[in-house]
Amino acid sequence: MAEEIFRSENITKRYANHLALDNVSITVDKQSVFGLLGPNGAGKTSLIRIINQIMAPDSGTAYFNGEPLCPEHICRIGYLPEERGLYKKMKVGEQALYLAQLKGLKKSVALERLKEWFIKFEIEAWWDKKVEELSKGMQQKIQFIITVLHEPELLIFDEPFSGFDPINTELIKNEILALKENGATIIFSTHNMESVEELCDHIALIDNSKKILDGKLKDIRSSHKSNTYNIGFRGDFAALKKGLNGHELIEEGQDEGLNKAKIKLADGIRLNTLLQAIIPHVEVEFCTEQIPSIRDIFIEEVNKNKGR
Amino acid sequence: MGKISLIIQREYLTRVKKKSFLVLSLLGPLLIAGMMMLVIWMGMAENENQKLIVVDDLNPAFAMLKSKSTRNVKFVYTDMSLDSAKAKLLESDFTGVLYLPKNILNAKAAQLFFKKHPSSFVLRSIEKKVEGIVESLNLVQFGIDREDFYKVKSTVTLHPVLFSKSGEEEDLSKEKAYVGFAFGLVIYMFIFLYGVQVMRGVIEEKTSRIVEIIISSVKPFQLMMGKIVGVALVGLTQIAIWVALTFGIMAIGQSVIYESNFGVDKVAEQMTPEMAKKVEAANAFNTKALIDEDNIIFMINWPIMIGWFLFFFLGGYLLYSALFAAIGSAVDSETDTQQFMLPVTMPLVFAYVMSVFIIENPEGPAAFWLSIVPLTSPIVMMVRVAMGNVPIWEMLLSSVLLIAAFVFTVWLSGRIYRTGILMYGKKVSYREIWKWLWY
């Protein structure tokens, strides 16, 4: 079992007229990327604000490194909110320095680290510019630097890639992975499912203020496998169907001279059995297991939750 | 504490470094001093030239009016009828017709027909001149000796003298009250000016969405207080600059005005003896008032005055700026602030308007209550403090209430603020804000 850095136990948060979080418990392992997913208004931001101690939960407890969350932990957490901005009239360098000091960094240390980051991102020329002179993507870069500057153990990124072009998205993605390599833990909230698949080790899905799914990305994906395979073959579909023996043919298709079929096996039937049955009728070129995407899992789970 | 001082520093420095602060700091005293000098100058320089046709039904009783013409008012004596004089008025460069009816000695009324309304100053000077002649004619008519007349004629002046255990003292409460009013006015202006700055600052942080980044490092309350204190320091800096510059400019301006004042005496040469006497008396009064005004500077207890000024300035500012901060946190843009601004600015404006009346009746019940109630006391109490002799228990009650009130509004605003700053894109109602208080 990996060591945990953050844990919430049965957190409930209620606003005047709606329940934002209902008994939510999560555990975030050290040095992992934890995906916090859910539809708009599900309660993700409320949970993130509780971790940042912007709000307190009505009931339940949150632990940081095993201790109940307290103000001293704030400088060990970095937060990049979804709704974010900077003082427009303030100069970039001055502002970054100010925000870093608010996080408890000494001025000299902050200055030194800022210089390093500015050189790394090749943005030294921006230091004396006013924020309003920068494009949105440029501002996002500054905000990213400000979030990580005090080298927090726990980083929370809420939609970190919004406003970035593909090149900068790649740059930030690599920085996030590098932070993890260096020992930081990342809580990552996004609607961009491809980046979840790329980055996350663990995900939790929150819908309608409840946690409805939680686990390692790998485990969740394999548990959502539906025993479905994609098979490419030479021969016609009529011949294929002779060998199907009651297995369900979900989709028929054609690609570059090959016929493709998506076949769902009946429960308990192994791939070998299927292959044995169809090989006499058609010539199999390839066969891959259909692994569900996070996107499909997300939609499936949220729809299931609606039915409840 | 370290974080709050960082916030205060930022709020202070970004504002003081702004060009608009520099401009306002320099322009403010120039405007104030300029306006004061303009008022003085306008009172002195009477540029109006009147040329009047005199229609005298008691002909030629008022012929001597001609000799009373001055640089500004010329009397042209005629034997025209009123109607022809009026007709002439319209087609000539005369500015008016002075009609002295037959019964003027009894009725003591005359008429002035004019094309353009003369100033009340000119009207009064014409009135005085006619009055002087009517008086002389009546003296002759009733056979009264002029000497006797002046013995009988009585104008009584009431000199209020404050009597207390420490002895007698000439009462200058009115003059002092004006000084107090000026201090109250400064407090009023700065609460408005800087309270709105706090509000704008909060709105700026909210609309630029930096607020969530900041409150993940500091408590919303720290951010709010840091802003309020930072802006207060900006206000105090501005006051200090204004006071220094205004005194400087006034000192220069005063010497200029005094020099041009010497010309006044020449007018007196053309006056009748009784007029001259009156003018003399008036002059004597003026000089006395001037000396009194000098006295006022010594008679007001400045350390106490300035001490209370700072107390009420800060107390009133904290009270109101916390409310302004709460308003800023509840809205998305400055245009949405109106519905919340009114109840906050009303008591402030009310206090200012009432203090004008309180100068007249500084010991009345209105003065008492308004100087005790925290929302109005910072402005109204200054008038009373300047006059001195406010009972100690009233001062204490007023200050304790003010402190209690700003602690309360700061607490209240803190609760509204911490919820408000995280609410985007929502039109907020009073009911909503009421709910925020209990989250």
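The values are calculated or read from the model by the stated rules, or taken from the named source; none is laboratory data. Values in this document were obtained by computation on a predicted structure and should not be read as measured data. When we count neighbours, we look across all protein chains shown, and the Cβ atoms used for this are built from the backbone with ideal geometry, even at glycine. Surface areas here come from the heavy atoms of the whole protein model, side chains and all, with no ligands, DNA or RNA. Shrake-Rupley method; radii C 1.70, N 1.55, O 1.52, S 1.80 Å.
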* Net length gained if the chain between B:Lys17 and B:Lys115 were fully extended (0.36 nm per residue, minus Cα distance) -> 29.8 nm
* Structure fact -> Expressed as a percent, the portion of alpha-carbon pairs in the protein assembly as shown spaced more than 53 Å apart is 43 percent
* To do: Would you compute the Debye intensity of chain A from its alpha-carbon atoms alone, equal scatterers and no solvent, and pass along log10 I(q)/I(0) at q = 0.11 Å⁻¹ to two decimals?
  => -0.78
* To do: Please build a GNM for chain A, connecting alpha carbons under 10 Å apart, and tell me which residue among A:Ala239, A:Ala261, A:Ala110 fluctuates the most.
  => A:Ala239
* Can you give the relative contact order of chain A as a percent, counting alpha carbon pairs under 8 Å and 6+ residues apart? -> 20 percent
* Could you give the nm distance between label points at A:Asn230 and A:Ile167, where each point is 7 Å from its Cα heading toward the beta carbon? -> 3.2 nm
* Prolate/oblate/rounded label for segment A:148-271 (Cα gyration tensor, a/c 1.5) -> prolate
* To do: Identify, among B:Met37, B:Ser120, B:Val243, the residue whose Cα sits farthest towards the positive end of the charge dipole of the protein assembly as shown, taking +1 on the Cβ of Lys and Arg and -1 on the Cβ of Asp and Glu, with the dipole about the Cα centre.
  => B:Ser120
* Asked: For B:Thr237, what is the net charge nearby, where nearby means another residue's Cβ is under 14 Å from its Cβ and Lys, Arg count +1, Asp, Glu -1?
  -> +2
* So which of B:Lys51/B:Lys153; A:Lys106/A:Lys141; B:Lys3/B:Lys426 end up more than 28 Å apart, counting from Cα to Cα? -> B:Lys51/B:Lys153; B:Lys3/B:Lys426
* Structure fact -> Restricting to lysines and to Cα separations under 26 Å from A:Lys225, and discarding same-chain partners fewer than 8 apart, the set is A:Lys210, A:Lys211, A:Lys216, A:Lys241, A:Lys242, A:Lys260, A:Lys262, A:Lys264, A:Lys304, A:Lys306
* Antiparallel %, DSSP beta bridges [both residues in the protein assembly as shown], to 5 -> 65 percent
* Asked: Hey, rough spin-label estimate for B:Phe350 and B:Leu38, points 7 angstrom out along Cα→Cβ, what's it come to in nanometres?
  -> 3.3 nm
* Structure fact -> Checked segment B:41-159 against the a/c 1.5 cut and the a/b vs b/c comparison, axes a ≥ b ≥ c from its Cα gyration tensor; verdict oblate
* Determine the sum of side-chain charges near B:Ile203: Lys and Arg each +1, Asp and Glu each -1, restricted to other residues whose C-beta is under 11 angstrom from that of B:Ile203. => -3
* Nearest-20 debye value, segment B:50-152 charge dipole, Cβ charges on Lys, Arg, Asp, Glu -> 460 debye
* Structure fact -> Scoring only Lys, Arg, Asp and Glu (+1, +1, -1, -1) among other residues with Cβ under 14 Å from the Cβ of A:Thr61 yields -2
* To do: Would you calculate the separation in nanometres between label points at A:Ser135 and B:Leu233, each defined as 7 Å from the Cα along the Cα-to-beta-carbon direction?
  => 3.8 nm
* To do: Skip the ligands, DNA and RNA, and give the accessible area per residue of chain A with a 1.4 Å probe, whole Å².
  => 48 Å²
* **Total accessible area lost when B and A pair, probe 1.4 Å, Å² to nearest 100** => 2400 Å²
* **Protection proxy ranking of B:418-431, A:16-29 - average other beta-carbon atoms within 10 Å, highest first** => A:16-29, B:418-431
* To do: Take peptide B:235-244, look around each residue's Cβ out to 10 angstrom, count Cβ atoms belonging to other protein chains, and average those counts.
  => 0
* Asked: Per residue of B:203-214, how many C-beta atoms from partner chains lie within 10 Å of its own C-beta, taken as a mean?
  -> 6
* With a Förster radius of 30 Å, plug the Cβ-Cβ distance of B:Ser84 and B:Glu147 into 1/(1 + (r/R0)^6) and report the FRET value to the nearest 0.05. => 0.10
* Only loop residues by DSSP count here, and only those with at most 13 other Cβ atoms within 10 Å; note down the GluC sites (Glu not before Pro) in segment A:1-83 that meet that. => A:Glu3
* Structure fact -> Among A:Asp219, A:Asp296, A:Asp267, the residue with the largest mean-square fluctuation in a Gaussian network model of chain A built from Cα contacts under 10 Å is A:Asp267
* Quick one: length gained pulling B:Thr335 to B:Ala366 fully straight, 0.36 nm per residue minus the C-alpha distance? -> 7.7 nm
* If you count, for every residue in A:79-91, the Cβ atoms of partner chains within 10 Å of its Cβ, what is the mean? -> 5
* To do: Using DSSP to define loop residues, name the trypsin sites (Lys or Arg not before Pro) in segment B:130-239 whose beta-carbon has at most 13 other beta-carbon atoms within 10 Å.
  => B:Lys153, B:Lys165
* Asked: With contacts defined as alpha carbon pairs under 8 Å and 6 or more residues apart, what's the relative contact order of segment A:145-196 in percent?
  -> 50 percent
* Structure fact -> Any trypsin sites (Lys or Arg not before Pro) in segment B:51-109 that lie in a DSSP loop and have at most 14 other Cβ atoms within 10 Å would be B:Arg71, B:Lys102, B:Lys108
